[in-house]
Amino acid sequence: MADRLAVSALLSDWLFTSAFGVYMLAALLCSAEYALTRHAANPPAFAVRLGRSGVALTVLGGLLHVGSVVSRGLATGRVPWGNMYEYLSAVGFIAVVAWLYVVRRYGVRRMSVFVLLPIASLLFLAGNRLYAEAAPLVPALRSYWIVVHVAAAIMASGVFLLSGVVSALHLVSEARPAAKATGRSGRRLPPVAELDRIAYRTGTVGFLTLTFAIITGAVWAEQAWGRFWGWDPKETVAFASWVCYAAYLHARATAGWRGKPSAWINVVGLVIVLFNLFFVNLVAVGLHSYAGVH
């Protein structure tokens, strides 16, 4: 049994590294398509093939990635998100799945390089700076609530990553004179209205999931610590991110705040999520801190 679990852990690590490599190769092909088509009235056929190959490799990377997550769970005999390495891996996977859906739904393949590179950076950090050997959960996390609460937080973080990147691209497009005059960003990126719509819809999904995560986290806190809310650093910053995304959704639906102003709010929301993910988990002292968890 021990040998079989060790093999599963080794397989998980190998699949994780392979997924990272495939994502980087996919980003390279997508960047080549972007570079070759950004000024072309009629994109060269070979450039389009490069982009399609990049998406195909992203799908392959996703399959390797989910294999890594599942193997990690088999190796540890628990849900595969019990430490920061596993958590970031799962967040990256959700972001990849969400992006593949967006590509299929909206046909925005040319943006892929700008989404894949942040995801790959997240995985690089997880695998090289935050890696932890496969091990049982620490006692504080041994609860069935980790299945629903942390899974919801992972999904929200992955979707917010995508939404924030799209809003950042929206702001870049808005800054160009041609985009201001025509509402489009040329051939480099989709129209700003399309970027705004994608960011809004993904942000809505993330907000609903974050709301569920906060509610289930409060229930878990009451069972574990005897109170629903205690303004722990993690709780405080999570609430701040919830308020920010609520403001974003409200601004997006308010005349005069659509477009650039709401996109800025969405980017600020992503900054808060990243602050919560790294600073609060790894630096701040609190009941939710992952500092010292290996």
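The values are calculated or read from the model by the stated rules, or taken from the named source; none is laboratory data. This structure is a prediction, so every number in the text was calculated from the model and none was measured. Methodologically, a virtual Cβ is constructed for each residue, glycine included, from the backbone with ideal geometry; neighbour enumeration extends over all protein chains shown.
Every residue in segment 103-131 that is touching a Ser or Thr at 6+ places or on another chain (Cβ under 8 Å) and more than 25 Å from His149 (Cα to Cα), please.
Looking only at segment 103-131, we keep the residues that are touching a Ser or Thr at 6+ places or on another chain (Cβ under 8 Å), and these are 103, 110, 112-113, 116, 123, 126-127.
Selection gives Val103, Arg110, Ser112, Val113, Leu116.
Take the residues in segment 1-15 that are at pLDDT 90 or above and not polar (S, T, N, Q); name whichever of them is farthest from Glu133 (Cα to Cα).
Applying the filter and picking the extreme gives Leu15.
If you take the residues of segment 21-33 that are of a type outside the set (A, V, I, L, M) and buried (at least 23 other Cβ atoms within 10 Å of the Cβ), which of them is farthest from the chain's Cα centre (by Cα)?
Filtering segment 21-33 down to residues of a type outside the set (A, V, I, L, M) leaves 21, 23, 30-31, 33.
Restricting the remaining residues to those that are buried (at least 23 other Cβ atoms within 10 Å of the Cβ) gives 23, 30, 33.
On the way: Tyr23: 14, Cys30: 19, Glu33: 23 Å.
Looking at residues that are of a type outside the set (A, V, I, L, M) and buried (at least 23 other Cβ atoms within 10 Å of the Cβ), I get Glu33.
From the list Thr211, Thr216, pick out the single residue that is of a type in the set (Val, Ile, Thr), outside any loop (DSSP other than H, G, I, E, B), buried (at least 17 other Cβ atoms within 10 Å of the Cβ) and at pLDDT 85 or above. Walk me through how you get there before you give the answer.
Numbers: Thr211 fails: buried (at least 17 other Cβ atoms within 10 Å of the Cβ).
Unique residue meeting the criteria: Thr216.
Looking at the structure I just gave you, is Ser18 more than 20 Å from Ile119 (Cα to Cα), within 23 Å of the chain's Cα centre (by Cα) and modelled with pLDDT of 95 or more? Break it down into steps so the answer makes sense when it comes.
Details: more than 20 Å from Ile119 (Cα to Cα): no; within 23 Å of the chain's Cα centre (by Cα): yes; modelled with pLDDT of 95 or more: yes.
Considered against the rule, which asks whether it is more than 20 Å from Ile119 (Cα to Cα), within 23 Å of the chain's Cα centre (by Cα) and modelled with pLDDT of 95 or more, Ser18 comes out as no.
Take the residues of segment 137-187 that are polar (S, T, N, Q) and at pLDDT 75 or above: which is farthest from Ile198 (Cα to Cα)?
Selected residue: Ser143.
Rundown of residues vs (1) without any contact (Cβ under 8 Å) to a residue 12 or more places away in the chain; (2) under 24 Å from Ser18 (Cα atoms), yes/no style:
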| position | (1), (2) |
| --- | --- |
| Tyr101 | yes, yes |
| Val108 | no, no |
| Ser112 | no, yes |
| Ser157 | no, yes |
| Val166 | no, no |
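Within segment 279-294, take every residue that is buried (at least 17 other Cβ atoms within 10 Å of the Cβ) and assigned to a helix (DSSP H, G or I) and give me the one that is modelled with the lowest pLDDT.
The extreme case among them is Asn281.
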